[in-house]
1. Select from THR9, PHE93, VAL449 the residue farthest towards the positive end of the dipole of the chain; place +1 on Cβ of Lys and Arg, -1 on Cβ of Asp and Glu, and compute about the Cα centre.
2. For every helix of n ≥ 4 consecutive DSSP H residues, a contribution of -39,500 (n - 2.57) applies; sum these over the chain, divide by its total residues, and give [θ] at 222 nm rounded to the nearest 500 deg cm²/dmol.
3. So, with +1 on the Cβ of K and R and -1 on the Cβ of D and E, and no other charges, what is the size of the charge dipole of the range 6-101 about its Cα centre, to the nearest 20 debye?
4. Figure the gain on full extension for ASP418 and MET1 (residue separation times 0.36 nm, minus the Cα-Cα span) and round it to one decimal in nm.
5. Once R0 is set to 35 Å, what does the formula 1/(1 + (r/R0)^6) return for the Cβ-Cβ distance between TYR36 and ALA124, expressed as a FRET efficiency to the nearest 0.05?
6. About the Cα centre of the range 249-458, how large is the charge dipole given +1 on each Lys and Arg Cβ and -1 on each Asp and Glu Cβ? Please answer in debye to the nearest 20.
7. Read phi for every residue in the range 10-26 and hand back ³J(HN,Hα) as whole Hz from Karplus 6.51 cos²θ - 1.76 cosθ + 1.60, θ = phi - 60°, with x for Gly and Pro.
8. What is the dipole size for the chain, taken about its Cα centre, with +1 at each Lys and Arg Cβ and -1 at each Asp and Glu Cβ, in debye to the nearest 20?
Amino acid sequence: MPPTWLIVTLMALCGTIVSLQHTIAIPMLPSVPETYGVSTDDASWLVTSTLLVAAVATPVVTRLADMVGRRRMLVVAMSVMTAGSFIALLGTFPALIAGRSLQGFATALVPVAISILRDTLPPARIGTAIGGLSATLGIGTTLGIPLAGFLQDMAGPLTVFWVAGACGALLTVGALLIVPDIGSRSPGRFDFVGALLLSMGLAAVLLALSKGGSWGWAGPRTLGCVAAAAVVFAVWAPLQWRAPNPLVNLRTAVCRPVLLTNLAGMLITFAMFINTLATTQQLQLPTWTGHGFGLTATAAGLAVATTAFAQVMVSPFAGMLIDRWNGRAVLLIGSVVTTVACATRLVVPGTVVTVTAIAFVIAGGTAISFATLPGLVMAAAPESESSAANGINSLLRSVGASLASATLAMILVSLSVDSGSVPIPTARAFDVVWVVAGMCALVTTFLGVFLPRRSPVHIEVTTIDPRRNALAGNETTFPAPSNSPVPIAARRARNLF
């Protein structure tokens, strides 16, 4: 097997290039209507299409990874993203939307990569490695806007797709050569009906969140999407509960450790995106407002990009704390830091330095929290379902990001003043935004308190019945007894989480 450091490095690079896809198209949006002759609402599909495909693909790809092999689905996800990057270079608006849609498919790669790390690393290194991989989500998302803006200014708006395609091709080859094809697999058939219904429900929810601002939150299309999602999920949930091989194991999803961890992930993601988006907007507001700083888009992007260094710095440290203590304790540390930093934002006098410094601290707090989530989920879910379980956690974090964007837009628009050209958010609007972000971090802290101190670790032992071995070689799987030698390793792994 290749050196573990090489596998960890490859997974981190894959996570970074995938997370970049969420934001690299944002600097293009202002120029798309004029370049391609489309409306502003049509141009927004550059972001919406990626979000929708990511939501649909994540539970499907992660379930297939548990069934047919994680290495195989990792290669598939990277290949689809690479193909999408090159399709976007064809130069037409439909090709651009198609390419961005395929790029969203790769979002499912991250939970699959986390499961690969669990399969290949010794228990003593899992916490640190997963912490580093989790950090790539925030790092890529934060660096996407300034990096894409720089490439657009230097070589044109489509340059980002050349870079994404080239990196994707190299990482796909690397995955084929380096990643071992190991790990347990979940038996059974793929749940096509469950996948279809879940895709429809998620698409309706995220369409309402992403388009509610332009359609109107009380408009018929927004309410229609919400109603359709409610009906679809009302049908989907009972079917999943009774299905012999469900796409999403609801019995695992509703157990206390997994449920609380998923909710915590959604809320802390909300706080992270509020931090990035609100800080960027306030730094660019005119100085005559009294609470803006008049920075250019490039300068504001560079200021916010410093938060990526916070995530780089604290994530390995968070992983070491997880190895030393447990995921629950580290989650509490991260959420408390985020809560205090959001509260500080309300009382500290606003300057470019203080705003950027507090954003730096919030990014560090959310990165600490992110590092704990995969381990907490995997400690409570069976090994054969680890990709799917982390896929649901990743999906709910995407929902948290969408909620953050929609909530921020709604607050800033509703608490704004008319400046003659465009509405300007008031100082009170940003205060409300930070109160909401702080409340989400505070609720995450309460959820962490109710997490078990030691999550259950699911261990299966495969034994051969000697009475049948001579005839058929049949294998039977039993739970490991408490006094067997196997739980010794399990007890060591349990200390990680």
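1. Of the candidates, VAL449 comes out farthest on the positive side.
2. -25000 deg cm²/dmol
3. The dipole of the range 6-101 has a size of about 520 debye.
4. Gain on extension, ASP418 to MET1, equals 143.8 nm.
5. Calculated transfer efficiency: 0.10.
6. 440
7. For the range 10-26, the Karplus curve yields 4, 5, 5, 5, 4, x, 5, 5, 5, 5, 4, 5, 5, 10, 5, 8, 4 Hz.
8. Dipole about the Cα centre, nearest 20: 1300 debye.
Every number in this text was worked out from the coordinates using simple rules, so none of it is lab data. Computed from a predicted model, the values in this text were never measured in an experiment. Please note: Cβ atoms are built from the backbone with ideal geometry, for glycine as well, and neighbour counts cover all protein chains shown.
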